[in-house]
Amino acid sequence: MQPLRGTKDILPYEIQYWQYIYNTANKILSINNYEEIRTPILENTALFQRSIGNLTDIVNKEMYSFIDQGERNITLRPEGTASIARAFISNKLYGTTNKKVHRLWYLGPMFRYERPQKGRQRQFHQLGIECLGSSLPIADVEVIRLAIHILEQLKYKDYTLEINSIGNIKERDIYAFKLKAYLNQYINDLDEDSKKRLNNNPLRILDTKNRKIQDIIINAPKIKECLTSTSIKHFNQVCEHLQYLNIPYKINNNLVRGLDYYNYTAFEIKTNTHDAQNTICGGGRYDQLIEQLGGPKTPSVGWAMGLERLLTITQEKLKIEKNRIIIYIIGTLNEFNDNLWDIIKTIEKLGINFELDLSSNSLYKQIRRANQLKSKICFIIGEEEVINQYITVKWLDTGTQQQIKTKQIYNYLKYLKQHL
């Protein structure tokens, strides 16, 4: 039996890379006072309809939704921001502390019904951060800087930061009207997907992958033509901070993001490749989302980073060494051996990596197994060792052996820990 299409087992040899990314993010974000939060995978479908938008591809085509036994409409979360907003409201985080700004981060699985390809699965994982409670441009810069910092700590620098201002709702409505009027002139040249978007959400046509439509868009009106001085000032201040921090960026007037809740700053970090799936991080400001979901007015900004894509581009650079087994324990397992358990507990207490051979193989085969695992030492605890209260220590690189009295094991292990 195989895993479902679009899902993937994460095997033990891969886990070390996932843990490395988690630990790297945790260290950086904790220093910046971001606190980890974990929300349920299952949410009420209405949460995503109200936040992401009924007319978006995610809600219309990609969500895994079902009616449960209680006749409730349930969805496997397709993204993290809406769940964080819901948790912020339902747990009244806005009223539990004296904090005016809440900094949260998360890492977990998301689900979308998309065509699986390299770097994109139906069950995928996102690392994300949300800065809740600040409307200042510097908050936008803080989250962008943290995304860049994490990427560079993972030894990845071959990226481009693209940013844009998509204004507020009123400005976007004005722009959508102008864009629709322009694209209507080319209605016969649009593909079926773009024709549907033209009526429902014309801004989504701007990020089409269709080359023919991309050529049409080149001369389309730009959203910056519809921005007020407030939106322009906010965006200019973001750019000024990025320049001071020496974070290079490219202004992409067609960058809109695929979720309805964004306003003002929108950004993406892309690999400098020509892969179809080259966006590794995307985010922006969402000042009305929490209020729309029933919470207090809470201007916010955040991003999400796809871990599968991130692993694809960073795994070769990380060069993480697997934890080496220092001590391989060979014991008499057919009969009760209290020495064995006492030694294991002592090794655990001192934090030394070990493995207990659970086979009934010959001593020769067990030692060969220890060599295959590249262990440094074998602890042999056979019948003779048990009777005479000692263990045989065999150094695998030299083949030399020594006998250590059971009562001296703790001090011997302390010595090993310091010198191995």
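The values are calculated or read from the model by the stated rules, or taken from the named source; none is laboratory data. Every value quoted in this text rests on a predicted model; they were computed, and no experiment measured them. Cβ: placed from backbone, ideal geometry, glycine included. Neighbour counts: every protein chain shown.
A few points about this structure:
- Residue match in the range 241-249 (condition: of a type in the set (A, V, I, L, M, F, W, C), buried (at least 20 other Cβ atoms within 10 Å of the Cβ) and either touching a strand residue (DSSP E or B) at 6+ places or on another chain (Cβ under 7 Å) or not assigned by TED's automatic domain parsing to the domain that holds P137 (or both)): no
- Checking each residue of the range 152-166 against the condition of being in a helix (DSSP H, G or I) and modelled with pLDDT of 90 or more gives at least one match.
- Of the residues L227, L203, the single one that is crowded, with 20+ Cβ neighbours inside 10 Å and either at pLDDT 90 or above or of a type in the set (A, V, I, L, M) (or both) is L227.
- Neighbours by Cβ (under 6 Å, 6+ apart or cross-chain): first from the range 354-375, within 19 Å of I344 (Cα to Cα) and assigned by TED's automatic domain parsing to the domain that holds I344; second surrounded by 13 or more Cβ atoms within 10 Å (Cβ to Cβ) and charged (D, E, K, R): Q366/D357
- Only strands (runs of 3 or more DSSP E) whose full extent lies in the range 330-420 are considered here, and none of them has at least 1 residues that are out of contact with any strand residue (DSSP E or B) (no Cβ under 8 Å at 6 or more places or on another chain), among the aliphatic types (A, V, I, L, M) and loosely packed, with under 15 Cβ neighbours inside 10 Å.
- Residues (assigned to a strand (DSSP E or B), farther than 18 Å from G284 by Cα and hydroxyl-bearing (S, T, Y)) located in the range 72-130: T75
A quick yes/no check of all residues on (1) surrounded by 18 or more Cβ atoms within 10 Å (Cβ to Cβ); (2) modelled with pLDDT of 95 or more; (3) in the same structural domain as Y261 (by TED's automatic domain parsing); (4) more than 30 Å from N199 (Cα to Cα):
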residue: E36; (1), (2), (3), (4): no, yes, yes, yes
residue: R50; (1), (2), (3), (4): yes, no, yes, no
residue: N73; (1), (2), (3), (4): no, no, yes, no
residue: M110; (1), (2), (3), (4): yes, yes, yes, no
residue: R115; (1), (2), (3), (4): no, no, yes, no
residue: L132; (1), (2), (3), (4): yes, yes, yes, yes
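- Candidate set from the range 272-298 (those that are buried (at least 21 other Cβ atoms within 10 Å of the Cβ) and not small (G, A, S)); member that is nearest to R115 (Cα to Cα): I280
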